[in-house]
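The numbers here are math on the coordinates, done by the rules we state, and not lab data. Computed from a predicted model, the values in this text were never measured in an experiment. Virtual Cβ from ideal backbone geometry, glycine too; neighbours counted across all protein chains shown.
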Amino acid sequence: MVGSSVSATAASASPKRNSSERELVEALRESEERYRMLLDGIENYAIFMMDAQGQILSWNAGAERIKGYTSDQIIGHNFSRFFPPEDIERGRPEEVLRIAAASGRYEEQSMRVRKDGTRFLGNVTFTALRDSAGTLRGFSEFSHDLSESKESGAKYQALLEAAPDAMVVVNQAGEIVLVNVQAEKRFGYRRDELVGQKVKNVIPEGFAERLIADGARSAAEALAQQIGTGIELIARRKDGSEFPIEIMLSPLESAEGILVTAAIRDISVRKEAETHLAQMEGKYRGLLEAAPDAMVVVNAAGEIVLLNVQAEKQFGYSRNELVGQQVKNIVPEGFAERLIADGTRSAAEALAQQIGTGIELIARRKDGSEFPIEIMLSPLESAEGILVTAAIRDISVRKEAETHLVKTVRELKRSNDELQQFAYVSSHDLQEPLRMVASYTQLLGKRYKGRLDSDADEFITFAVDGCNRMQGLIQDLLAYSRAGTHAKELCEVSGEDALQGALTNLRITLEQSGAVVTHDSLPALMTDETQLTQVFQNLVGNAIKYRSTEVPRVHVSATKNGDNEWTFSVRDNGLGIAPQYFERIFILFQRLHGRNEFEGTGIGLAICKKVVERLGGRIWVESQPEKGSTFYFALPERAERL
Amino acid sequence: MKMIGMDATPIEVLLVEDSPGDVRLTREAFKDAKVHINLHVASDGAEAMDFLNRQGKHSNVPRPDLILLDLNLPKKDGREVLEEIKESPVLKSIPVVILTTSASDADILRSYTLHANCYITKPVGLDGFLEVVKSIDSFWLSVVKLPHEPRS
């Protein structure tokens, strides 16, 4: 079909041509007839003939398919239109024919342009056709589209598509031979817009220099130096916008010569992150210096990468001596263990467990002296990977203070215990001789009253009275020294039960005075029952004891005060107290009344105060003379022994 | 069998007490007793055990019908004396009344655990003390029947 049309067209299209041409056409017709069937069957290769000037004389099916022209459209036209415009401009078509004519045969891999303007990399062989006299008659061109080549193209294309990066294959002339879908997306061009283009249209700078040999080395050498190295360059999209890329180059030996495969990765995100981190690090360095603590930044290998002035001072090293050193040189033990992962957890997890926790360790100065430190660790994502920031505080002073405090507390407790013991022992042991004095003066009084003179009787009376009072004081002192010390386990105590217990103990007093004691609902507390009873007993007892001329009325109530506190009140209609005595009445053996008015040593409120305070509470009074008093005491709902 | 205290036979009481004042007070108090009491005194724990075991100068003393025992004593503590008495097959039948100034719960519990027959805290006042001794007299020496063992 094609063959016949070629001949027909050639005949009809060339009436004006010279005779030599016609002769050639005739000569060729014969051979063409012979090969027509063969040529028609070939679709993978473009095969056509042209005259010495490049006018196309024949056209096969492969040529139509590959180049896009029908024979009608192309026969009689010059073959130069298959070249890219820039090649035409520099006279490449003529040059090619000249070389072919001179050497008989010329083969090249180079860009060709289809009818629709798209480009492809062709493998093209020109053969000069000469007659028997050796006169150049024309040329045959035998070419195929390399991207279609079964051996290199198809397989290679599949490989390219599988790659996650944009892949661009470039020939020695810097022309794009193959691309994958990623490359199309990345650069915003269609495949046919990219293939055949100079690679510098999409990667304007640097790429060519990486490939092109200078005078001293071959392209292969130049390339070898780049292989496996990530090269950062700037790429340009179809819309003109630019973006940072990293290119990995590798050579590809092909039938068509050495090609270069470029794997192109868009690194805009990474670049942005790096920029961000660089800024962060800049700020971070500033912060580091501003920190009051010694700050040391350590990498995953335990090496110090950054430190501040405070760290230099604290450890006695200069910055240069520390950077790059193992952190264990200054914090010998425990630090590495805090960072390094064991089998069951990752480094990140190990670190996460330490964050925000103050760890107490021992640090070592340049001079070898050691000092206690507290370290706070926090992770720092950086361009160099995860770093660990350690804020290191010298806690020598705090440690000393702690030791001192512990010592003082121990000392205080010892002296307190001693005092307690002293009060108990002295009151107990004083009791014995006093009991003798008292017993025998009393016996003296019993046996000899009225048998001596009146002076003797009076002296004996004073001696007995003094002994009685002293016994009272010593007993109260003993009671006070014991109050709140021989404490029982705290338990749930009903306030009403405690009050009832107190009233039972006061039964005789209540009966004799005719007092009326009322109360509101009282809460249950976690406290010491005996002691709460004692407080009620002392307060109600006082309310009755210091009564006015009226019948004593006492009212007990309680109000909740905050989350964990109850305030109890014991209100009476008694004598009342002047404000200047509000503090004094709670002091041991302080009394407001003479012994002739009221009995007692002044121990009751002192014991109340001691007991209430030991249960974590407080006690106070509100009163006016002649208007009655209200004693308050606040206790925690759940007491803890102090 | 003879009824102790109801005939002319005096009742033998051993008072283990280091304070002469208390010894004298006890003696004074027993003066008004309803029964005839022979009050023997040991001024420390060691002497009390010698008395009970009839050792040394105490070889001819009678076996007491009642022991009044103070706890805080020189040489041998009253608690040890109590323990030894109650561990002895011969002595353990003698009633022991603890008469001490201690009012501590620990002393009370320990004494009863060691089989003291009763525990009395010495009252601080004279009247109280006289009352206590009178009670001992009327209860232990009059009301109670004490064991009688042949005196060898």
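Which FRET efficiency value, to the nearest 0.05, is calculated for A:Arg618 and A:Ser268 with the Förster distance at 60 angstrom and r the Cβ-Cβ distance?
It comes to 0.30.
Quick one: compute the contact order of segment A:491-636, relative version, from alpha carbon pairs under 8 angstrom and 6+ residues apart, as a percent.
Averaging sequence separation for qualifying contacts and normalising by length gives 23 percent for segment A:491-636.
Identify all lysines with a Cα-Cα distance to A:Lys328 below 29 Å; exclude those on the same chain that are fewer than 8 residues away in sequence.
A:Lys328 reaches A:Lys283, A:Lys313, A:Lys366, A:Lys399.
Fully extended, how many nm does the chain gain between A:Ser415 and A:Ile258 (0.36 nm per residue separation, minus their Cα-Cα distance)?
Value of the extension gain: 46.9 nm.
Please find the FRET efficiency linking B:His58 to A:Met526, where r is the Cβ-Cβ separation and R0 is fixed at 60 Å, and quote it to the nearest 0.05.
0.55
Run the Debye formula on the Cα coordinates of segment A:241-322, all scatterers equal and no solvent, and tell me log10 I(q)/I(0) at q = 0.25 1/Å.
Computed log10 I(q)/I(0) values: -1.14.
So how do B:Val35, A:Val516 line up by other beta-carbon neighbours within 10 Å, fewest first?
Lowest to highest Cβ neighbour count: A:Val516, B:Val35.
In what sequence do A:Met167, A:Met526 fall when counting other Cβ within 10 Å, fewest first?
The order, fewest Cβ neighbours first, is A:Met526, A:Met167.
Under a cut-off of 19 Å between alpha-carbon atoms, report the lysines in cross-link reach of B:Lys31, not counting same-chain residues fewer than 8 places apart.
By straight Cα distance, B:Lys31 reaches A:Lys446, B:Lys122, B:Lys134.
Take the alpha carbon atoms of segment A:495-573, find their center, do the same for segment A:41-73, and report the distance between the two centers in whole angstrom.
124
Over all Cα pairs of segment A:399-470, how is the pair count split among 5 Å bins, expressed in % and running from 0 up to the last occupied bin?
3, 14, 15, 12, 9, 8, 7, 7, 6, 5, 5, 4, 3, 2, 1, 0
Using only the alpha-carbon atoms, what does segment A:473-558 span along each of its principal axes? Please give whole angstrom values in decreasing order.
Principal-axis extents of segment A:473-558 (Cα, largest first): 41, 37, 18 Å.
Cut-off is 10 Å between beta-carbons; in what order do B:Ser111, B:Ser19 appear when sorted fewest neighbours first?
B:Ser19, B:Ser111
Just to verify a number: FRET efficiency for A:Arg130 and A:Asp192, C-beta to C-beta distance, R0 = 56 Å, to 0.05?
The formula returns an efficiency of 0.90 here.
Among the lysines, which fall within straight-line cross-link reach of A:Lys610, defined as a Cα-Cα distance under 25 Å, with same-chain neighbours fewer than 8 residues apart omitted?
A:Lys413, A:Lys488, A:Lys545, A:Lys560
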